[in-house]
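S.K.: Provided herewith is a single structure, encoded as structure tokens, for subsequent inquiry.
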Amino acid sequence: MKSYNPLDWYWIVGSDVSRAWSSAARAYVTEWDAERVTRIANEVELYDVLSKVKCAGLAPQGPFPPSELRGVLLRIDAAATGDASDPAALTAVAKSLEFTLPPLVA
């Protein structure tokens, strides 16, 4: 496997193996280097991963509905997420988990 470079990497998002997100292209591609690919559950988690290395601009930008963000946070920590469902509450939960949320649908 090649050394991880978030500026030029690929992610198979969810179960769709027909395409991968390319950070270099900032888009889904149908061909990628098998030595530079990682599986990830969803675009929201990909946004968090890339934001941690100051590359959020290379991730899918959404915006994402609160229901999708809630689903991601529930998988990470259901107890912390609790009944949070509105943007402000979801943002507070994400902050407590040190998880960076992408833009939400207004």
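S.K.: Hey, can you rank 17-24, 91-98 by average C-beta count inside 10 Å, highest first?
M.R.: Listed from highest to lowest mean packing, they are 17-24, 91-98.
S.K.: Additional query: Positive end of the dipole of the chain, charges at C-beta (+1 Lys, Arg; -1 Asp, Glu), about the Cα centre: which of ALA25, SER85, GLY71 has its Cα farthest in that direction?
M.R.: Selected residue: ALA25.
S.K.: For labels at SER85 and TYR4 in the simple 7 Å Cα→Cβ model, what's the distance in nm?
M.R.: 3.5 nm
S.K.: Moving on. I'd like the distance separating the alpha-carbon centroids of region 9-64 and region 85-106, in whole Å.
M.R.: 20 Å
S.K.: Sum -39500 (n - 2.57) across every DSSP H segment of at least 4 residues in the chain, then divide by the residue count to get the 222 nm mean residue ellipticity, nearest 500.
M.R.: Details: 4 runs with 35 residues, N = 106.
Calculated at 222 nm, the ellipticity per residue is -9000 deg cm²/dmol.
S.K.: Using the per-residue mean of other Cβ atoms lying within 10 Å as a proxy for protection, in what order, highest first, do the peptides 55-61, 43-49 fall?
M.R.: On the way: 55-61: 16.9, 43-49: 21.4.
Descending mean neighbour count gives 43-49, 55-61.
S.K.: Let me ask you something else. Report, in debye and to the nearest 20, how large the dipole of region 2-106 comes out about its Cα centre when Lys and Arg carry +1 and Asp and Glu carry -1 on their Cβ.
M.R.: On the way: 10 positive and 13 negative charges, 40 e Å.
Charge dipole of region 2-106: 200 debye, to the nearest 20.
S.K.: For the chain, take N as its residue count and report Rg(C-alpha) divided by 2.2 N^0.38 Å.
M.R.: Working: Rg = 14.2 Å, N = 106, 2.2 N^0.38 = 12.9 Å.
Dividing the Cα radius of gyration by 2.2 N^0.38 Å gives 1.10.
S.K.: If you don't mind, there's one more thing I want to ask. What base-10 log of the normalised intensity I(q)/I(0) is obtained for region 10-58 from the Debye formula, alpha carbons as equal point scatterers, at q = 0.19, 0.25, 0.33 Å⁻¹?
M.R.: Treating every Cα as an identical point scatterer, log10 I(q)/I(0) equals -0.54, -0.93, -1.38.
Bear in mind these aren't lab numbers, they're just calculated from the coordinates by the rules spelled out. All figures in this text were calculated on a predicted structure; none of them were measured in a lab. Positions of Cβ are generated from backbone atoms using ideal geometry, with glycine treated the same way; all protein chains shown enter the neighbour counts.
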